Amino acid sequence: MAQNYFAPKVEIPRPLYVSLGIASVAVVFGLWCLLTYGGFTPPDFLAPPDQVAAAAIKRIGNGSLLDNTEASLTVILLGFLFASVLSVPLGILMGSFKVVEALIEPITGFMRYIPVSALIPLLILWIGIGVEQKIMVIFLGTFFQQLILISDVSARVSKDLIDCSYTLGATKRQVIWRVLLPACMPGVMDNLRVTMGWAWTYLVVAELVAANSGLGYMILNAMRGLFTDVILLGVFTIGILGLITDMIFKFARRRLLPWSAEF
């Protein structure tokens, strides 16, 4: 039976799935403890777990961690929301209608290869150094990537499915709303989930330049003083928040798109 677990596409029991996940985390944590408490790395290079925990307790107590987390969440959620609201309909149209693709693809193909960090000086000149600039970094970092990914999802919807709908008497409006959109949404949700991970990366980039709050700002300040415990605290906080958003997307996919395949 155990050999079957290593065959492709074979399900494993849920308890085994959870146990393997816990074991992988335990191994990483054990290696961290070994390197730090075993004296293999100095604290200035890699802080031990108790120092990170102490830094978390201190910053939760004085409210700085919560304030920085709130600032980062505001930026990433607004930037990602604005990008998604525009990219989802435009991406579906772009993948389904060649006229829209011809209009949008050249600009999208150009913009998605430009590093967002290269645009930060211009954004500071045009928008300033407030929260709007950081939101725009998230927007630009995710919008054009989402547009390409979602358009590919829409383009892969079978034309036979569309033709069959017309054969059964569906109108163009019915085909769009009852066939095309339901067929696209599972892939759209998966791509939003992926690009949310990219958004967290761009968040750190945005907050490393001309920022006075946020988790990226906290990490940068800690780096200047070689406070690796605070650096790790910021990294772990971003990782935990990213994991939570990933779980939210998984839950939303199962509940809102019951016709799609399960994870």
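Some points to look at:
- Derived value for segment 100-212: Kirkwood hydrodynamic radius 16.2 Å. Basis is the mean of 1/r over every pair of different alpha-carbon atoms.
- Between the Cα long axis of helix 116-127 and the first principal axis of the chain there is an angle of about 90°, rounded to the nearest 10.
- Across the chain, the fraction of Cα-Cα pairs farther apart than 35 Å, rounded to a whole number, is 34%.
- Where labels lie 7 Å past Cα in the beta-carbon direction, separation of VAL235 and THR167 in nm: 5.7 nm
- Sequence-separation-based contact order of the chain, relative, with Cα cut under 8 Å and 6+ spacing, percent: 24 percent
- The simple spin-label model puts a point 7 Å past each Cα toward its Cβ; for ALA23 and ASN62 those points are separated by 4.3 nm.
- Ignoring aspartates and glutamates fewer than eight residues from LYS134 along the same chain, the ones with Cα atoms less than 19 angstrom from its Cα are ASP67, GLU70, GLU207.
- With Cα atoms, 0 to 90° folded angle of helix 215-224 axis to the chain main axis: 40 degrees
- Normalised by the number of residues in segment 1-118, the average gap of Cα pairs under 8 Å and 6 or more apart makes the relative contact order 8 percent.
Readers should treat all values here as calculations from the given coordinates under stated rules, not as data from a laboratory. Keep in mind it's a predicted model, so treat the numbers as computed, not measured. Glycine also receives a Cβ, built like all others from the backbone with ideal geometry; neighbour counts cover every protein chain displayed.
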